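*Asks:* Dropping the structure in here first, questions after.
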Amino acid sequence: MLALMEHEAASPTPSSYRSLSLWLDNPELELTPRLPLAGDIDVDVAIVGGGFTGLWTAYYLTERDPTLRVLVIERDICGFGASGRNGGWVVGELPASVEAYASLSSHSEAMRQVRTLFTTVDEVGRVADAEGIQCGYAKGGVIRWARNAPQAARQQAEIEHHHQQGFTEAEMRLLTPDEARGYGNASDVRSGIFFAPCAAVDPARLVRGLASVVEARGVTIAEQTPATEVGPGEVQTPFGRVRAEVVIRATEAYTRDLPGEKRTLVPIYSLMVATEPLDDATLAKVGLADRPTFADDRYMVVYGQRTEDNRIAFGGRGVPYAFGSGINPGIEQDSKAHQLISRTLVEILPDLADVKITHRWGGVLAAPRNWTPSVWLDRKSGYGTAGGYVGEGVAASNMAGRTMADLVTGTESDLVTLPWVGVRSRRWEPEPLRWLGIRGTRMVMDWADRTEYRRDRRSRAGQIAYKLLR
């Protein structure tokens, strides 16, 4: 193991991390920060970011070449960011469309990537089982309800479009109202889509368990170690310089804190709430017996799951973008936004009207300008990046980690030729254009959702805004 520094008295305590999410508020999780670096060091691979992308990359590097000296640098603790706060959807989707990746390669290659991501959902479960990571993995798919006429029309068009592309009924299918309500007792159901490649997990138990596994395999994890500069061959920290043959940046929304990177990925806030554990009578009314993740088809994304301990965890992305790509912990405690999310949950699942909300939290996800997640490695300099998942990274980060491990070790595999490998996004617009564009389109989509629910007619403005933002 590399030399690490003893903690100072002012280091954060486990209790300060437990307030970050329902998932981290678990007495069984060990959240005491690992030691930071202590001086200049040399390694083979330095990974900046102790979330899913960084840890999956480290995990598969230990499989491809156990002799590698691998260091993971994390400025807080592993799972501090989105990996420990998200909705727990291990979903076989990317925010970019099949057409977007087909334009970079071909339709058949884009579909190969889609199906690789489908199998990645199972790979996450396989590793969790093999490594003894108890993360509540349950592959129940996704149920998306259409709760007004425009949403139902979009679902019909979506299924026709995807089946024309080559998706099968087993992968995704349109449901009648009765079939859709059979998954969960949502209100005002007009139709539904069932998407099979998705599992629900407790993300904090998964990311913290993964950190312990890679550490046991010989990877050094330096927590409480902020990277102040990241580039080819070198990472600067307050505690010393890291020299490495390969440097991987896996910092997602916190990329904006690195010099020159503020316009690389935009941080977008998403907030969540969680109920108390439901009693048997309420569970019987709500349904979700197989623990499918769930949503409806509004423009402003919402998402939920029934947890392993029978809570409902539910979130949405309606919090406004902060000027200058700001990240403000105060936003994560926005009571009005959490109240809106709680009301939305009860609108979708009315049987939760009298159920107590016990947890409220939030965090930031990362959006590239092209809305297209990617894995990229410059073999000459040994510098690479992965991410930009726009909130759909629990499964995608595993595929990214496997892909990056193959790229680093020069392993010839089907992964390294997937269409997302080598994709680069243009930078976001400077302020105030960035603020005006993101806020403006989101205001229109919110207005469109309210209009469609009120009038039961399609909002053309919402479709236009949705396409512009993406």
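The values are calculated or read from the model by the stated rules, or taken from the named source; none is laboratory data. Everything numeric here is computed off the predicted structure, so don't read it as measured data. Cβ atoms come from the backbone with ideal geometry, glycine included; neighbour counts cover every protein chain shown.
*Asks:* Which residue out of 403, 411 is touching a residue at least 12 places away in the same chain (Cβ under 8 Å), part of a loop (DSSP other than H, G, I, E, B) and either surrounded by 24 or more Cβ atoms within 10 Å (Cβ to Cβ) or of a type outside the set (Asp, Glu) (or both)?
*Replies:* Exactly one residue qualifies, and that residue is 411.
*Asks:* Which condition number in (1) without any contact (Cβ under 8 Å) to a residue 40 or more places away in the chain; (2) buried (at least 21 other Cβ atoms within 10 Å of the Cβ); (3) within 20 Å of residue 100 (Cα to Cα) is the one that residue 416 fails?
*Replies:* For residue 416, the exception is condition (2).
*Asks:* Would you be able to say whether some residue in segment 240-260 is of a type in the set (A, V, I, L, M, F, W, C), under 30 Å from residue 440 (Cβ atoms) and at pLDDT 95 or above?
*Replies:* yes
*Asks:* Within segment 180-195, is even one residue of a type in the set (A, V, I, L, M), assigned to a helix (DSSP H, G or I) and more than 20 Å from residue 60 (Cβ to Cβ)?
*Replies:* For segment 180-195, residues of a type in the set (A, V, I, L, M), assigned to a helix (DSSP H, G or I) and more than 20 Å from residue 60 (Cβ to Cβ): present.
*Asks:* Return the pair list, or none, for Cβ contacts closer than 9 Å from residues in segment 232-247 that are within 12 Å of residue 379 (Cα to Cα) and in contact (Cβ under 8 Å) with a residue 40 or more places away in the chain to residues that are in a strand (DSSP E or B) and among the aromatic types (Phe, Trp, Tyr), at least 6 apart or on different chains.
*Replies:* Pairs that qualify, where the first residue is within 12 Å of residue 379 (Cα to Cα) and in contact (Cβ under 8 Å) with a residue 40 or more places away in the chain and the partner is in a strand (DSSP E or B) and among the aromatic types (Phe, Trp, Tyr), are 232/383; 233/383; 246/383; 247/383.
*Asks:* At least 3 residues that are more than 29 Å from residue 333 (Cβ to Cβ) in each: list the strands (runs of 3 or more DSSP E) lying fully within segment 197-283 that qualify. Can you show your working first?
*Replies:* Working: elements: 198-200, 220-222, 229-231, 234-237, 240-249, 266-275.
Because the criterion is at least 3 residues that are more than 29 Å from residue 333 (Cβ to Cβ), the strands (runs of 3 or more DSSP E) in segment 197-283 that meet it are 229-231, 234-237, 240-249.
*Asks:* Can you find a residue that is out of contact with any Ser or Thr (no Cβ under 9 Å at 6 or more places or on another chain) and closer than 17 Å to residue 86 by Cα anywhere in segment 361-369?
*Replies:* Scanning segment 361-369 turns up at least one residue that is out of contact with any Ser or Thr (no Cβ under 9 Å at 6 or more places or on another chain) and closer than 17 Å to residue 86 by Cα.
*Asks:* Sticking with this structure for a sec: Look at segment 36-65 and say how many of its residues are surrounded by fewer than 20 Cβ atoms within 10 Å (Cβ to Cβ) and part of a loop (DSSP other than H, G, I, E, B).
*Replies:* Result for segment 36-65: 4.
*Asks:* For the condition basic (Lys, Arg), loosely packed, with under 15 Cβ neighbours inside 10 Å and either assigned to a helix (DSSP H, G or I) or at pLDDT 95 or above (or both), what is the one hit in 126, 144, 173?
*Replies:* 126
*Asks:* Just name the residue that is surrounded by the fewest Cβ atoms within 10 Å (Cβ to Cβ) out of those in segment 349-372 that are assigned to a loop (DSSP other than H, G, I, E, B) and in contact (Cβ under 8 Å) with a residue 24 or more places away in the chain.
*Replies:* By that ranking, first place goes to 356.
*Asks:* Also, I was wondering about something else. Restricting attention to segment 275-285, which residues are surrounded by fewer than 22 Cβ atoms within 10 Å (Cβ to Cβ) and either of a type in the set (Ser, Thr, Tyr) or closer than 16 Å to residue 183 by Cα (or both)?
*Replies:* 282, 283, 284, 285
*Asks:* Right, here's the next one. Which condition number in (1) under 20 Å from the mean Cα position of the chain (by Cα); (2) outside any loop (DSSP other than H, G, I, E, B) is the one that residue 93 fails?
*Replies:* (2)
*Asks:* Another question about this same structure. If residue 291 meets every condition in (1) at pLDDT below 95; (2) in a loop (DSSP other than H, G, I, E, B); (3) closer than 19 Å to residue 88 by Cα apart from one, which number is that one?
*Replies:* Just one mismatch for residue 291, condition (1).
*Asks:* Can you find, within segment 435-468, the residue that is modelled with the highest pLDDT among those that are within 22 Å of the chain's Cα centre (by Cα), among the charged types (D, E, K, R) and closer than 27 Å to residue 103 by Cβ?
*Replies:* That would be 442.
*Asks:* Mind telling me which of the residues 375, 346, 319 ends up being surrounded by fewer than 18 Cβ atoms within 10 Å (Cβ to Cβ) and touching a helix residue (DSSP H, G or I) at 6+ places or on another chain (Cβ under 6 Å)?
*Replies:* 346
*Asks:* Of the conditions (1) loosely packed, with under 15 Cβ neighbours inside 10 Å; (2) β-branched (Val, Ile, Thr); (3) assigned to a helix (DSSP H, G or I), residue 159 satisfies every one except a single condition; which number is it?
*Replies:* Status for residue 159: all satisfied but (1).
*Asks:* Here is a list of conditions, (1) in a helix (DSSP H, G or I); (2) under 22 Å from the mean Cα position of the chain (by Cα); (3) not charged (D, E, K, R), and residue 339 meets all of them except one; can you say which number that is?
*Replies:* (2)
*Asks:* Counting just the residues of segment 188-238 that are of a type in the set (A, V, I, L, M, F, W, C) and surrounded by fewer than 19 Cβ atoms within 10 Å (Cβ to Cβ), which one comes out farthest from residue 293 (Cα to Cα)?
*Replies:* That would be 216.
*Asks:* Tally up the residues in segment 66-105 that are within 30 Å of residue 38 (Cα to Cα), crowded, with 19+ Cβ neighbours inside 10 Å and of a type in the set (Ser, Thr, Tyr), please.
*Replies:* Adding up the residues that qualify gives 1.
*Asks:* Could I ask something else about it? Please pick out the residue among 221, 193 that is within 28 Å of residue 171 (Cβ to Cβ), over 17 Å from the mean Cα position of the chain (by Cα) and of a type in the set (A, V, I, L, M).
*Replies:* 193
*Asks:* Still on this structure: Filter segment 120-131 down to residues that are more than 17 Å from the chain's Cα centre (by Cα) and in contact (Cβ under 8 Å) with a residue 12 or more places away in the chain and give me whichever is farthest from residue 389 (Cα to Cα).
*Replies:* Top of the filtered list is 131.
*Asks:* What single numbered condition from (1) in contact with a strand residue (DSSP E or B) (Cβ under 6 Å, 6 or more places away or on another chain); (2) over 29 Å from residue 361 (Cβ atoms) fails to hold for residue 218?
*Replies:* Of (1) in contact with a strand residue (DSSP E or B) (Cβ under 6 Å, 6 or more places away or on another chain); (2) over 29 Å from residue 361 (Cβ atoms), only one is false for residue 218: (1).
*Asks:* Would you check if there is a residue in segment 197-211 being within 30 Å of residue 454 (Cα to Cα) and either modelled with pLDDT of 95 or more or not small (Gly, Ala, Ser) (or both)?
*Replies:* Among the residues of segment 197-211, not one is within 30 Å of residue 454 (Cα to Cα) and either modelled with pLDDT of 95 or more or not small (Gly, Ala, Ser) (or both), which makes the answer no.
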